[in-house]
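The values are calculated or read from the model by the stated rules, or taken from the named source; none is laboratory data. The model shown is predicted, which means the values in this text are computed figures rather than measured ones. Methodologically, a virtual Cβ is constructed for each residue, glycine included, from the backbone with ideal geometry; neighbour enumeration extends over all protein chains shown.
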Amino acid sequence: MRRILITNDDGIEAPGLLLLAGAAKEFGEVWVVAPDGQRSGVSHSISLHDTVDLVPHAFPVQGVQAYTCSGTPADCVRTGSLYVLPDKPDLVLAGINEGYNVATDLQYSGTAGAAFEGAFQGILSAAISEQAASCHEIAKHYLPELLAELLTMHPAYGQIVNINIPGCPLSECRGILRDRAVSRGMFYRDSYRAVSALADGGVRLTVEGAYNEDAEPGTDFRAVVDRYISIGFATNIS
């Protein structure tokens with residue numbers, strides 16, 4: 001039977017993880033190794049100088065064996081595939097992430113970092129993200145089709161399949177666009193603002209992002225802005 005390892009960067013209690021695990025059960029034996037808390041923005045970092053704790057977790061999806069991990073999403077894939085599972089998985093799924101992972105945001109994403117770890121181990125790996133955390137209509141409708149298609153794909157070594165689901169009701173979703181290139185743009189154009197002075201002469205900063213939808217045609221970014229599901233290959237650019 002096909003073995004599927006699932007993780008995320010939003011933590012083991014995230015609704016998107018539960019939804020993905022439930023859908024993946026139709027395609028094989030599902031194992032979950034997910035962070036014990038929020039790990040967004042950690043990219044492909046791993047724990048080299050600290051221990052990593054794995055703890056069995058009572059997962060609410062029947063038939064799924066699950067563990068929490070004290071490390072990063074990439075640690076979850078490493079410990080899952082190299083220690084927890086009896087053999088290396090046939091498929092690694094990271095998600096469903098809360099918020100898009102398109103364009104230059106990919107280099108920061110813990111979701112993408114987990115998928116890249118699977119890809120570097122020679123495993124078919126995908127990052128799946130959606131904008132609407134409170135509305136999973138599109139994901140619920142399209143996940144069986146997306147997972148079935150994913151299993152027929154053959155990315156190059158080190159590449160992941162990157163899937164993004166638009167933040168709109170199902171009735172407004174315009175379908176699937178495939179072979180989307182990774183945009184060079186960004187959803188938020190960041191700047192830093194000083195919020196206080198420090199006693200040693202330093203300064204404390206906070207990041208502020210200006211929302212942007214200026215995206216190139218044919219890209220992942222353009223697809224989700226136009227309310228399509230975006231599918232494409234991505235290569236680690238961090």
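Would the stretch 86-97 turn up any residue that is on the phi > 0 side of the Ramachandran plot, in contact with a strand residue (DSSP E or B) (Cβ under 9 Å, 6 or more places away or on another chain) and surrounded by 21 or more Cβ atoms within 10 Å (Cβ to Cβ)? For the stretch 86-97, residues on the phi > 0 side of the Ramachandran plot, in contact with a strand residue (DSSP E or B) (Cβ under 9 Å, 6 or more places away or on another chain) and surrounded by 21 or more Cβ atoms within 10 Å (Cβ to Cβ): present.
When every residue of the stretch 8-17 is checked against the conditions, at least one turns out to be polar (S, T, N, Q) and within 17 Å of Ala139 (Cβ to Cβ). Of the strands (runs of 3 or more DSSP E) lying entirely inside the stretch 130-238, the ones with 2 or more residues being loosely packed, with under 15 Cβ neighbours inside 10 Å are found at 188-197, 203-211. Going by what's in this entry, would Asp36 be described as buried (at least 22 other Cβ atoms within 10 Å of the Cβ), under 17 Å from the mean Cα position of the chain (by Cα) and of a type in the set (Asp, Glu)? No; evaluated as a whole, the condition is false for this residue. Contact annotation: residue pairs with Cβ atoms under 7 Å, 6 or more positions apart or on different chains, pairing a residue in the stretch 88-112 that is closer than 10 Å to Ile163 by Cα and part of a loop (DSSP other than H, G, I, E, B) with a partner that is of a type in the set (Val, Ile, Thr) and at pLDDT 90 or above, are Tyr100/Val224; Asn101/Thr111; Val102/Val224.
Among the residues of the stretch 113-125, those identified as of a type in the set (A, V, I, L, M) and either buried (at least 24 other Cβ atoms within 10 Å of the Cβ) or part of a helix (DSSP H, G or I) (or both) are Ala114, Ala115, Ala119. Only a single criterion out of (1) out of contact with any Gly (no Cβ under 7 Å at 6 or more places or on another chain); (2) surrounded by fewer than 20 Cβ atoms within 10 Å (Cβ to Cβ); (3) not polar (S, T, N, Q) is not satisfied by Val102, namely (2).
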